[in-house]
Every structure is written in structure tokens, then in C-alpha cells.
Amino acid sequence: MRQSKLFTKTRKEAPADEVSKNAELLIRGGFIHKEMAGVYSYLPLGFRVLKKIENIIREEMNSIGGQEILMSSFQPKENWEKTGRWETMDDLYKVSDSSGREVALGPTHEEIVVPILKNYITSYKDFLLSSPLAIYQIQNKFRMEIRAKSGMLRGREFIMKDMYSFHASKEDFENFYNKMKDVYKTIFKKAGIGHLTYMTFASGGTFSKYSHEFQTITPVGEDTIYIDEASGVAINQEVFNDEVLGQLNLKKEKLVEQKAIEVGNIFDLKTKYSEPFDLTYTDPKGEKHTILMGCYGIGLGRLLGTVVEVLSDDKGIIWPESIAPFAVHLLSLGEDEAVLKEAEKVYENLQKNNIEVLFDDRREISAGEKFADADLLGIPYRVVVSERSIKENGMEIKKRNEEKGKIISLNELLKILKNNV
């Protein structure tokens, strides 16, 4: 893509009311546009990152047998009344039409997915053949977030991957749940923050003793966790007491306190949502059994924002190669025709070799401004064509997190990128 054709522009300053680093850098780089507190639109560069994250998640959900669907955002009030959450969920958006009919704007989808399944599961023949049955979607969610002040980390409208699993037995559920722990670890590793992310024991609420959060270490995190670095086990502050430490075989004196951002969670729902809708199956003896459930969530925007929080410096973002909007940022410096011709040649070769490239072909922008923009946008490889590089029979390549670049030939460039991107 030619940067001269990109309708967005970089900015030197972020909106004055933005206090989080993730929103500041993403807005300045033209990745997102702020509509209001907690609500953002994805612009071309940000949308590309979002799709990379989405593809990583989708690949992992499919690998464990997940079936993707897309559920409605409007949800019947009656469903929420059945589960008792119409009156008890504080951040639920309730919308009325001109007739006075009320619906919920979906913050989560247990109240939709269970009634859907009820149409297709009646006997063990329907259920056990596809067990474990896991259904997921990637879709906008809405929550009445009062403290929408952390950029992409705490939104009123956000994109979430939510998966729901359905099981005939506790053993079947536990096998799947444990597999999901590993799947989530793989997702965060692929997204570039696996080395900073810990599976963390947390309160399971009214329907489970523990849930598991995936917490990424950062000084700006809103959660406090305690990590046993030897085992890699962590515990959330809300369940931090001697009884729980004993149950988890953790020694208080060996735990390290850290601030963290929750980037995902998994829950044992038991029959909390299947029971109100009478989601059951009949066994070969004709006996009815209530189906067990689990749920597994990842906020894509929150994950994107977390990456920016933990993988950036004072110049801008440092995208992991797996989710960067482009693999290469090609810069053409100066007005010399030989430079422009060589840069065009490099651009064409990168495209022919299916290497994603953003070509800064803007003529009215100084070299200093181009370098500053490249640092801000954070694309993994910066390739510069200039009079100096042409004299040395090549172009300069530098990774975003490196201090100095080196001159290489076009063939060397293609070899490096094919091996690493």
C-alpha cells in the first residue's frame, strides 16, 4: 500500500482527554478514531491489526473443534429474565423501541446461545456424536462501562471472541477446559505477549470455585496478581488468602506482586444457564440430564491495546510481526529520480513476493518526519532507499527495536523477509 494514498495521517498530539498510552499511540498513528469515551472506530491500519488478531484466535478455536457462528446483538428481555440477569447485571444496556418493547444490547451471549442449542439437542444421539460441542463467535459487545478511561482496555462497545462449550459429563468438561488453557497460552504467545502473560487463579463467582484469567504484566494494569515465578502459577488479589494459597500449594513468601491487564478468561458455568432454559439430553435409558457448560472470552481490542501498552517505547509502537499491519515499511528519501526509481523497484518486488509493505512514497515529507512516522507506526522492518544506500549498491534495513541498520542488496532483503515474515 502506498502511504500517499492512505487517507489517515499521523498526529503529533493525542486528544487531551486520553490518559492511556495505548489510546494515545493508536490515535496518533491513525490506527483508531475516538467517537466518545470507550468507543473507537478502526481505521485502515488498525483494522489490519485487528484482522491479524482475529485470524490467530479463529485458527486456534477451529483447532480445538470450535464451530463459528454469529449471534444477534439485540437480545430478548424474556431470556434475561429467565436467567435473573435483567435486574442484576449493572452494566447491561436496555433499549426500548417506540412501542415500549425492551431488549438488551448483548454484553455476552449465554442468553442467546443456550436457546439456540435447545432447538437442536434433545437426545444423546444429537449431543454425544458432536461432544464436546463448542460454539464461538467474534462480535461486537456492549456494556455500560462507567469508568471508560483506559483506551482500548475498557470500552463500552468492543469486539469479543466468546466461545461456549456443552458437555454431557464433568469429565468431558474438564478435559476440554484444560485443553482451552493451553489454547489460550498459544494465542497470547502468537500475539507476541506470551512471555508476559500468566494464567491466573481468580474467583469463579457464584457458580464455580475458581475461574482462570490470563493476565499480562504491566505497571498500568488495573489488577494486582501474585506470581510464583518458579511454577508460572499466579493468583488474583481477590482470592489471595491463606486458605486458597494452601489449596493451590503456593508459598506466600515466594510470590511476587505485579500489576497486570486481564486479556482473557475461562469459566466453568456448570448448569447456571442451561438449567433456566431446560437444556437437557436424554440418555439411552430415557433419563434426562442437564447439560454442563463452560465459557471462554478474549477481547480483541483489549488484546490489541495491551500489546501497545507493553510493546512500545518513547518513539511509538513496536508491533510483533504476527499482528503488525504490514511486515515492511519502505521509505523513499529525497527527490532524486534514481532514488525514486529504485524505491519503486523494491516496492514492486516485495509485492510480487507477497510481502506486505507500506510504501512511504510521499514527496512533500522530510526524511526526519518519515523516520518519526515509521517509529510511531511500529512496523517490524524499516527499509530505506536513499542516495547513500544507492551509492553502496543497496538499501538500509533496520528492525523497529534495533538501534542501527545495515546496507543489503534486494536479493538479501527478499531472503531475510521470506525467512522471517
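The values are calculated or read from the model by the stated rules, or taken from the named source; none is laboratory data. Everything quoted here is computed from the prediction, not taken from an experiment. Quick reminder, even Gly has a Cβ in these numbers, built from the backbone with ideal geometry, and neighbours come from all protein chains shown.
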Next item on the list: Examine the stretch 10-23 for a residue that is part of a loop (DSSP other than H, G, I, E, B), touching a Ser or Thr at 6+ places or on another chain (Cβ under 8 Å) and at pLDDT 95 or above, and state whether such a residue exists.
Entry: no
Next item on the list: Output the residue which, of all residues in the stretch 337-367 that are among the basic types (Lys, Arg) and loosely packed, with under 12 Cβ neighbours inside 10 Å, is farthest from Pro325 (Cα to Cα).
Entry: Arg363
Next item on the list: Could you look through the stretch 400-420, keep only residues that are among the basic types (Lys, Arg) and surrounded by fewer than 19 Cβ atoms within 10 Å (Cβ to Cβ), and pick out the one that is farthest from the chain's Cα centre (by Cα)?
Entry: Lys406
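Does any residue of the stretch 232-244 turn out to be in contact with a helix residue (DSSP H, G or I) (Cβ under 8 Å, 6 or more places away or on another chain), buried (at least 19 other Cβ atoms within 10 Å of the Cβ) and either outside the structural domain of Pro380 (by TED's automatic domain parsing) or among the basic types (Lys, Arg) (or both)?
Checked against the condition, which is being in contact with a helix residue (DSSP H, G or I) (Cβ under 8 Å, 6 or more places away or on another chain), buried (at least 19 other Cβ atoms within 10 Å of the Cβ) and either outside the structural domain of Pro380 (by TED's automatic domain parsing) or among the basic types (Lys, Arg) (or both), the stretch 232-244 yields at least one hit.
Please find, among Val385, Val421, the residue that is out of contact with any Lys or Arg (no Cβ under 7 Å at 6 or more places or on another chain), among the β-branched types (Val, Ile, Thr) and modelled with pLDDT of 95 or more. Give the derivation first.
Working: Val421 fails: modelled with pLDDT of 95 or more.
Exactly one of Val385, Val421 is out of contact with any Lys or Arg (no Cβ under 7 Å at 6 or more places or on another chain), among the β-branched types (Val, Ile, Thr) and modelled with pLDDT of 95 or more, namely Val385.
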Item checked: Contacts under 9 angstrom Cβ, first residue in the stretch 60-78 being at pLDDT 95 or above and charged (D, E, K, R), partner loosely packed, with under 13 Cβ neighbours inside 10 Å and not in a helix (DSSP H, G or I), 6 or more apart -> Lys77/Arg101
Check: Restricting attention to the stretch 368-394, and to residues there that are of a type in the set (Asp, Glu) and either under 31 Å from the mean Cα position of the chain (by Cα) or within 15 Å of Lys345 (Cβ to Cβ) (or both), which single residue is surrounded by the fewest Cβ atoms within 10 Å (Cβ to Cβ)?
Finding: Glu369
Check: List pairs: first in the stretch 110-128 and assigned by TED's automatic domain parsing to the domain that holds Gly297, second at pLDDT below 80 and part of a helix (DSSP H, G or I), Cβ under 6 Å, 6+ apart or cross-chain?
Finding: Ile121/Phe127
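Out of Ile317, Ile397, report the one residue that is surrounded by 19 or more Cβ atoms within 10 Å (Cβ to Cβ) and under 20 Å from Gly46 (Cβ atoms).
Details: Ile397 fails: under 20 Å from Gly46 (Cβ atoms).
Sole residue among the options that is surrounded by 19 or more Cβ atoms within 10 Å (Cβ to Cβ) and under 20 Å from Gly46 (Cβ atoms): Ile317.
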Checklist line | Unique match (being at pLDDT 95 or above and of a type outside the set (S, T, N, Q)) among Glu392, Glu364, Glu396, Glu403 | finding: Glu396
Margin query: Given the criteria touching a Lys or Arg at 6+ places or on another chain (Cβ under 7 Å), free of Cβ contacts under 8 Å to residues at least 40 places away in the same chain, surrounded by 14 or more Cβ atoms within 10 Å (Cβ to Cβ) and not acidic (Asp, Glu), does Trp86 qualify?
Written below: yes
Check: Here are some conditions: (1) among the small types (Gly, Ala, Ser); (2) surrounded by fewer than 22 Cβ atoms within 10 Å (Cβ to Cβ); (3) without any contact (Cβ under 8 Å) to a residue 40 or more places away in the chain. Ala168 meets all but one. Which one does it not meet?
Finding: (3)
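Under the condition of being over 26 Å from the mean Cα position of the chain (by Cα) and buried (at least 20 other Cβ atoms within 10 Å of the Cβ), which residue from the stretch 280-299 is nearest to Ser231 (Cα to Cα)?
Leu292
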